[in-house]
Amino acid sequence: MGTERMGRVCVVGASGKLGRYMVRHALDRGYEVVGVCRERSVPKLAAFADRITVVPGPTNDREVIRRAVAGCDGVLTVLVPWGVRQYSSGTAQAVLDHADPGARVVFSCGWHITRDGQDRYTRRFRAVLRVATWLGRLVRAVEIDDQVEACRRIFASDRRWTVVRGSDLEEGESQGLPVWSRHVGDPVLASNLTRRVDFALFMVEALTDDTLVHEAPAIVGRLSPSALAHADGGREGS
Ligand SMILES: NC(=O)c1ccc[n+]([C@@H]2O[C@H](COP(=O)([O-])OP(=O)(O)OC[C@H]3O[C@@H](n4cnc5c(N)ncnc54)[C@H](OP(=O)(O)O)[C@@H]3O)[C@@H](O)[C@H]2O)c1
């Protein structure tokens, strides 16, 4: 699909940090933008108020998503594990069910998601994930298993999906499009750090990059030491 066909784009979870960067990148490309966010977070989109359409509501509300994605050529979804009410899987399912046929659907998550079980995690990464999963369940605030379930459903879908797996994130000026690899553990990803603004850039670029259809790229900042050291081992984002 070429840029010229990406007229209207929906950002699901538009009010968060990643979401707002994606809104900005999409506007920069001249796309018409529809943003979905919780009612109480609408003011966080004030800077874009006269440039985007906002559909307020929970992102796992099927009716909210149905209205928001209608007529969109692309849907960018921030998958977050918050709450204990299947927020992630409910959001993913609503997008998979209601996006227009042929629309590009791009989802965000972290390296902990594995598509084929071939990712190689450090002991530290696994320990941190175990603690976060356990603690999240204990305080009933985070449901990492549900983000895993959301991605399982996406991987099983015949939609034109991409699941972008983010490394640890930092704020800062853009360094350009991150590089990616199919498996965590590949040397090019070792630095495990990406600027959040560039994570968003990768998501928006993926909309028009057919080589990323049915891929789950794990990304890392293009100027990170591992990306520079293994420039040939990583892939360009587009
Ligand atoms: N943080 C990291 O280091 C990291 C690392 C790798 C990958 N990722 C991935 O990057 C993406 C963005 O994550 P982020 O950490 O950078 O956060 P973010 O961009 O600030 O986004 C957080 C999102 O979660 C929503 N949210 C917050 N609390 C919520 C609740 N209780 N119920 C429902 N929604 C709630 C926010 O909506 P409101 O605006 O309405 O609050 C916002 O849309 C995610 O897909 C994450 O898996 C993050």
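Throughout, read-outs are computed from the coordinates displayed, never taken from laboratory work. Every value quoted in this text rests on a predicted model; they were computed, and no experiment measured them. Quick reminder, even Gly has a Cβ in these numbers, built from the backbone with ideal geometry, and neighbours come from all protein chains shown.
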| request: Pop out the ³J(HN,Hα) list for the range 74-79 in order, Karplus 6.51 cos²θ - 1.76 cosθ + 1.60 with θ = phi - 60°, rounded to Hz; leave Gly and Pro as x. | output: x, 10, 9, 10, 8, 8
| message | Strictly under 4.7 angstrom between C-beta atoms: which cysteines of the chain have no such partner? | response | C37, C109, C151
| message | Can you give me the C-alpha center-to-center distance between the range 1-52 and the range 106-152, rounded to a whole angstrom? | response | 26
| Translational diffusion coefficient (Stokes-Einstein; Kirkwood radius from C-alpha pairs) of the chain at 10 °C, 1.306 mPa s, in µm²/s | 90
| note | Counting sequence-distant residues (5 or more places) and residues on other chains, those with an amide H built under 5 Å from that of N192 are none
| task | Report the extension gain between T53 and L223 in nm, rounded to one decimal, defined as 0.36 nm multiplied by the number of residues separating them, less their alpha carbon distance. | result | 57.7 nm
| remark: Computed ³J(HN,Hα) along the range 109-126: with the Karplus parameters 6.51/-1.76/1.60, θ = phi - 60°, integer Hz and x for glycine or proline, the list is 7, x, 4, 5, 6, 10, 8, 10, x, 8, 6, 10, 9, 6, 4, 4, 4, 5
| message | Pairwise over distinct Cα atoms, reciprocal of the mean inverse distance: report the Kirkwood radius of the range 1-123 in Å, one decimal place. | response | 14.9
| the chain, helix-only ellipticity at 222 nm - DSSP H runs n ≥ 4, -39,500 (n - 2.57), divided by all residues, nearest 500 | -10000 deg cm²/dmol
